[in-house]
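The structure under discussion appears below in the form of structure tokens.
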Amino acid sequence: CDCHENGTLVSSSTPSNSPLPPCNHIGQCACRSNVIGLKCDQCKENHWNINSRLGCESCNCDQSGAYNDSCELHSGQCVCKPGVGGRRCDQCLPDHYQFSPDGCK
């Protein structure tokens with residue numbers, strides 16, 4: 001089946017040295033939370049961090065500081081408005097002020 005190791009559920013009764021569980025009759029692997037794809041190799045939209053082995057996490061971008069709800073798949077970095085920083089775009093960058101839906105000045 002070639003299931004993605006980090007995105008696939010492994011039963012707690014499965015020994016750690018066992019191969020990944022097989023897929024079903026259509027080739028669908030058993031995916032962790034917020035993980036999608038036949039091989040469980042992608043995060044759902046607006047999610048990131050498939051390598052956590054816990055499922056993908058919500059981007060949780062700040063509604064005021066980010067352009068949208070999406071983030072970079074590996075770092076979780078949201079797309080920030082001008083003068084805004086932080087992984088979630090929830091703070092003004094150094095030498096910027098007045099956090100607002102338009103960014104920071």
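Observations on the model:
- Candidate set from the stretch 51-105 (those that are loosely packed, with under 14 Cβ neighbours inside 10 Å and acidic (Asp, Glu)); member that is nearest to the chain's Cα centre (by Cα): GLU72
- Tabulated pairs, the stretch 1-27, first closer than 23 Å to HIS74 by Cα, second modelled with pLDDT under 60 and of a type outside the set (Ser, Thr, Tyr), C-beta under 8 angstrom, 6+ apart or interchain: CYS3/LEU20; GLU5/LEU20; THR8/LEU20; VAL10/LEU20
- Every residue from the stretch 6-26 that is surrounded by 12 or more Cβ atoms within 10 Å (Cβ to Cβ) and either out of contact with any helix residue (DSSP H, G or I) (no Cβ under 7 Å at 6 or more places or on another chain) or modelled with pLDDT under 90 (or both): THR8, LEU9, VAL10, THR14, LEU20, PRO21, CYS23
- Test: residue in the stretch 30-38 that is on the phi > 0 side of the Ramachandran plot, in the same structural domain as ASN6 (by the TED database), out of contact with any strand residue (DSSP E or B) (no Cβ under 6 Å at 6 or more places or on another chain) and in contact (Cβ under 8 Å) with a residue 24 or more places away in the chain: yes
The values are calculated or read from the model by the stated rules, or taken from the named source; none is laboratory data. As the structure is a prediction and not an experimental result, all values here were calculated from the model. Glycine gets a Cβ as well: all are built from the backbone with ideal geometry, and neighbour counts include every protein chain shown.
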